[in-house]
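Asks: Pasting a structure here, questions to come.
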Amino acid sequence: TAFNTALGTGLDDETETIALLDNGKIIVGGQFQNFNSAAAKYIVRLTAAGARDTAFDTPFGTGFDGAVLKVLVQYDDEMIIAGSFANLNAVATKPMIRLNADLTWDSGFVTNQGGSFNGSINSMAFQSGGAVVAVGPFTQLNSVTANRVARLQNNDPTPDLSGSGADTGILVIV
């Protein structure tokens with residue numbers, strides 16, 4: 001399928017992250033609030049051809065209230081989304097959430113693993129075994145010192161916070 005870049009006005013602000021799904025669709029997150037002049041509050045899914053996939057819009061309603069800075073797609077098509085937001089659809093959250101494969105919000109993940117960062121998350125990466133390493137300007141996770149870097153185990157809600165962290169901001173982890 002050819003990727004069509006002449007689909008309209010596109011995004012109205014910066015793109016921060018792109019994630020490719022196994023089915024060829026593309027998740028785009030960033031500072032933007034519109035795609036082709038239609039509301040897309042910081043996140044949008046595109047078809048393999050580059051058109052907006054409106055089926056993705058349904059779970060987002062009013063959307064995030066801050067930038068989506070990183071999207072990770074898990075092996076089971078669940079997505080971990082992180083950024084500088086504090087609400088999704090006017091419901092309080094923390095700056096890391098997980099969507100199930102059917103695009104419903106995994107609220108247990110917010111309470112357990114993504115629970116209490118005290119600042120935004122700039123980037124994330126998977127480690128072997130499914131652990132997620134998150135970096136950003138945060139200094140605490142679940143009220144424990146986590147100077148700008150934290151690791152969350154895949155099936156364990158207790159973060160691994162050994163070490164002293166970083167003394168200045170980290171923008172990206174690969």
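Asks: Looking at I121, is it outside any strand (DSSP E or B) and open to solvent by less than 20 Å² (accessible area, probe 1.4 Å)?
Replies: It is true that I121 is outside any strand (DSSP E or B) and open to solvent by less than 20 Å² (accessible area, probe 1.4 Å).
Asks: Additional query: Do we find a residue being assigned to a loop (DSSP other than H, G, I, E, B) and under 10 Å from the mean Cα position of the chain (by Cα) anywhere in segment 53-71? Spell out how you get there, then give the answer.
Replies: Keep residues of segment 53-71 that are assigned to a loop (DSSP other than H, G, I, E, B), which gives 53, 57, 61-63, 65-67.
Imposing the further condition that a residue be under 10 Å from the mean Cα position of the chain (by Cα) reduces the set to 67.
Yes, segment 53-71 contains a residue that is assigned to a loop (DSSP other than H, G, I, E, B) and under 10 Å from the mean Cα position of the chain (by Cα).
Asks: Hey, another quick one. Given the conditions (1) surrounded by 15 or more Cβ atoms within 10 Å (Cβ to Cβ); (2) over 19 Å from the mean Cα position of the chain (by Cα); (3) among the small types (G, A, S), which single one is not true for A19?
Replies: That leaves (2) as the condition not met.
Asks: Across segment 126-136, what is the number of residues that are open to solvent by 70 Å² or more (accessible area, probe 1.4 Å) and either within 14 Å of I173 (Cα to Cα) or in contact with a Leu (Cβ under 7 Å, 6 or more places away or on another chain) (or both)?
Replies: Summing the residues that are open to solvent by 70 Å² or more (accessible area, probe 1.4 Å) and either within 14 Å of I173 (Cα to Cα) or in contact with a Leu (Cβ under 7 Å, 6 or more places away or on another chain) (or both) in segment 126-136 gives 2.
Asks: Can you tell me which residue within segment 47-95, out of those that are touching a helix residue (DSSP H, G or I) at 6+ places or on another chain (Cβ under 8 Å) and closer than 21 Å to D13 by Cβ, is most open to solvent (accessible area, probe 1.4 Å)?
Replies: N89
Asks: On to the next question. Here's a check for you: in segment 145-172, which residue that is among the β-branched types (V, I, T) and modelled with pLDDT under 80 is nearest to the chain's Cα centre (by Cα)? Break it down into steps so the answer makes sense when it comes.
Replies: Step one: of segment 145-172, the residues among the β-branched types (V, I, T) are 145, 149, 158, 168, 170, 172.
Of the ones still in play, those that are also modelled with pLDDT under 80 are 158, 168, 170, 172.
Details: T158: 20, T168: 22, I170: 16, V172: 13 Å.
Here the answer is V172.
Asks: Please go through segment 11-45 and pick out each residue that is assigned to a strand (DSSP E or B), over 19 Å from N122 (Cα atoms) and in contact with a Leu (Cβ under 9 Å, 6 or more places away or on another chain).
Replies: I26, N34, F35, R45 - these are the residues of segment 11-45 that are assigned to a strand (DSSP E or B), over 19 Å from N122 (Cα atoms) and in contact with a Leu (Cβ under 9 Å, 6 or more places away or on another chain).
Asks: Now a separate question. If you scan segment 75-91, which residues turn out to be in a loop (DSSP other than H, G, I, E, B), in contact with a strand residue (DSSP E or B) (Cβ under 7 Å, 6 or more places away or on another chain) and closer than 21 Å to K25 by Cα?
Replies: Here is the first cut: in segment 75-91, the ones in a loop (DSSP other than H, G, I, E, B) are 75-78, 84-86, 89-90.
Now restrict to residues that are in contact with a strand residue (DSSP E or B) (Cβ under 7 Å, 6 or more places away or on another chain): 78, 84-86.
The one that is in a loop (DSSP other than H, G, I, E, B), in contact with a strand residue (DSSP E or B) (Cβ under 7 Å, 6 or more places away or on another chain) and closer than 21 Å to K25 by Cα: E78.
The values are calculated or read from the model by the stated rules, or taken from the named source; none is laboratory data. Since we're looking at a predicted model, the values are computed, not measured. Note: ideal-geometry Cβ built from the backbone for every residue, glycine included; neighbour counts use all protein chains shown. These accessible areas exclude ligands, DNA and RNA; they are computed on the full protein's heavy atoms, side chains included. Shrake-Rupley method; radii C 1.70, N 1.55, O 1.52, S 1.80 Å.
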